[in-house]
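Below: one structure, written as C-alpha cells.
The values are calculated or read from the model by the stated rules, or taken from the named source; none is laboratory data. Note that the coordinates shown come from a computational prediction; the quantities given were computed from them, not determined experimentally. Using ideal geometry, Cβ is built from the backbone for each residue, glycine included, and neighbour counts are taken over all protein chains shown.
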Amino acid sequence: MSFLRIEGLSKRYAPHLPPVFEQVHFDIERGEFVCIVGHSGCGKTTILNVLAGLDAATTGTASMDGRAILGPSLERGVVFQSHALMPWLTVRRNVAFAVRSRWPAWSRAEVDAHVRRFVELVGLASAIDRKPSELSGGMKQRVGIARAFAIQPRMLLLDEPFGALDALTRGTIQDELLSIVQATHQTVFMITHDVDEAILLADKILLMSNGPHATVAEIVRNTLPRDRVRATVHHDPQYYPIRNHLVDFLVNRSRLIQEGVVDRVGDHPVVVAPGLDPLVPAASSDPGPPARSVAA
C-alpha cells in the first residue's frame, strides 16, 4: 500500500455551487517529493489542507500509512505561503515552540540542541536570537522550513512557500530544501506555479485541469537524475522536453480539458515520459482507452 493515498476526493463549498475539484486520485510513496501544479482556483491549496487535516473533503478519502486523515497531526508538518512566525519570539523560540509540542518531556538542553541543528541546516545560525522583524523575507521563510523539519514529521506539506521571494533568494532556498530532503529522505507534497521549480524538486508532478470540476489530468514522472542541482539541471537533454510538456499543459491542455475539447485518457491520469505525445498514453499494464481529440 502507498504511504499516502487519495481516493475520489471532491470539494463543494455549497450545494448550489459546482465542485472546485472532483474525483481526485493519486498516491505518494514514502520518501517521494511530489509537486502539484495548476491554475488558481483549481483547489490545490484545499487538497493540501485536507492532507494537513485543516479542511475536510465533501466526498472521498485521504489516508496516510493506512489510517484516515481526520484532523491536524504533528506527523504532518506544514509550511504556508507566509512564514506564520510568532513576531514576539526569536528564531530559537519559534522553532523551540514546535519542538516542545512534539517532545514535551525533553529538557531545555535537548530542545535547544535540536533547534540549533535545524536552524543551522537552513543557514541561520548567526540569526538564531533575532526576532522576525529583524529578518528578511527569505530568512523568515527559512525559519518556517526549519520549524517544520524540526518536528521530524512523516510528511511535509509546502503551500507555495517561495512565491513571494525574489529569484536569487528563491533559488538559494530551493537548493537548501533539496539538500535537506535528499539527506533526510523526507516525503514532501508541495504546491507551486513554477514549472522550473517543480522539475528541480519533484520526483512526480501532478497536473490539475482548470476549476471548477478540476481533476488531476496527468501525472508526470521526472526522469532527471535525483541528484540534480539548480545550476546545471537545464543542461540535461531531458530537461526541455519535460518543461515544454508542463508549459503546454498549463497554457493549452488544462483549458481544453475543462472545456471538454480534449478528453483525459481513461479513468486515471496519464503517466507521461519526456518527449511523449501528450495525447498518447504511456505504456502500462492497464492503459485504458486511447486518448482522443474532440472537435470543438
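Data overview
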{"item": "Subset of segment 95-118 that is surrounded by 12 or more Cβ atoms within 10 Å (Cβ to Cβ) and not hydrophobic (A, V, I, L, M, F, W, C) - its residue that is nearest to Leu135 (Cα to Cα)", "result": "Arg116"}
{"item": "Among residues of segment 29-68, those that are closer than 24 Å to Val247 by Cβ and of a type in the set (Val, Ile, Thr), counted", "result": "5"}
{"item": "Residue, farthest from Thr215 (Cα to Cα), within segment 46-83, restricted to residues that are loosely packed, with under 15 Cβ neighbours inside 10 Å and in contact (Cβ under 8 Å) with a residue 60 or more places away in the chain", "result": "Leu74"}
{"item": "Extreme residue, surrounded by the most Cβ atoms within 10 Å (Cβ to Cβ), among residues of segment 123-144 that are of a type in the set (A, V, I, L, M, F, W, C) and over 19 Å from the mean Cα position of the chain (by Cα)", "result": "Leu124"}
{"item": "Odd one out for Arg67, checked against (1) under 16 Å from the mean Cα position of the chain (by Cα); (2) over 13 Å from Lys11 (Cα atoms); (3) not hydroxyl-bearing (Ser, Thr, Tyr)", "result": "(1)"}
{"item": "Failed criterion for Arg100 (all others in (1) part of a helix (DSSP H, G or I); (2) of a type in the set (Lys, Arg); (3) under 18 Å from the mean Cα position of the chain (by Cα) hold)", "result": "(3)"}
{"item": "Failed criterion for Arg92 (all others in (1) surrounded by 17 or more Cβ atoms within 10 Å (Cβ to Cβ); (2) farther than 29 Å from Leu224 by Cα; (3) in contact with a strand residue (DSSP E or B) (Cβ under 7 Å, 6 or more places away or on another chain) hold)", "result": "(3)"}
{"item": "Residues of segment 130-181 that turn out to be hydrophobic (A, V, I, L, M, F, W, C), assigned to a loop (DSSP other than H, G, I, E, B) and in contact (Cβ under 8 Å) with a residue 40 or more places away in the chain, as a count", "result": "3"}
{"item": "Index of the failed condition, Glu7 passing every other in (1) over 21 Å from Thr184 (Cα atoms); (2) touching a Lys or Arg at 6+ places or on another chain (Cβ under 9 Å); (3) acidic (Asp, Glu)", "result": "(2)"}
{"item": "Flag for Asp203 being buried (at least 19 other Cβ atoms within 10 Å of the Cβ), in contact with a Lys or Arg (Cβ under 9 Å, 6 or more places away or on another chain) and under 22 Å from Glu75 (Cβ atoms)", "result": "no"}
{"item": "Single residue of Arg228, Arg292 found to be at pLDDT below 90, of a type in the set (Lys, Arg) and either surrounded by 14 or more Cβ atoms within 10 Å (Cβ to Cβ) or under 21 Å from Ala202 (Cα atoms) (or both)", "result": "Arg228"}
{"item": "Residue count for segment 29-63, restricted to those that are in contact with a helix residue (DSSP H, G or I) (Cβ under 9 Å, 6 or more places away or on another chain) and of a type in the set (Val, Ile, Thr)", "result": "2"}
{"item": "Cβ pairs under 6 Å, 6+ apart, first in segment 98-126 and under 17 Å from Asp175 (Cα atoms) and not assigned by TED's automatic domain parsing to the domain that holds Ile180, second assigned to a loop (DSSP other than H, G, I, E, B) and at pLDDT 95 or above", "result": "Val119/Ile128"}
